[in-house]
Amino acid sequence: MASVVEVKVGLHCDDCIKKILKAIKKIEDIESYNVDRKVNKVMVTGNVTTEEVIRVLQKIGKNATAWEDTQNNN
């Protein structure tokens, strides 16, 4: 069953976004993905967990956290 994973990650420039999208595309069983540069949010839909997405982003040197965690700190 598909789930929607939302993570907060620094989207500083076009190169950062390209690098992030390239890494996300390699995740198996994803249906779609979206980047919201205004709020530094990456959304991935598919058979994937938040931990998987965060791990992939950390492998390319990005500091990613679950979106829910960032909302609870406000």
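Computed on the chain, with alpha-carbon pairs under 8 angstrom and 6+ residues apart, the relative contact order is 44 percent. The protection proxy used here, the mean number of other Cβ atoms lying within 10 Å of each residue, ranks peptides 12-18, 23-29 as follows, highest first: 23-29, 12-18.
The Kirkwood hydrodynamic radius of the range 3-72, based on inverse pair distances between different Cα atoms, is 11.8 Å.
Since every read-out is calculated from the coordinates, none of them should be taken as a lab result. This is a predicted model, so every value here is computed, not measured. Every residue, glycine as well, gets a Cβ built from its backbone with ideal geometry; the counts of neighbours run over all protein chains shown.
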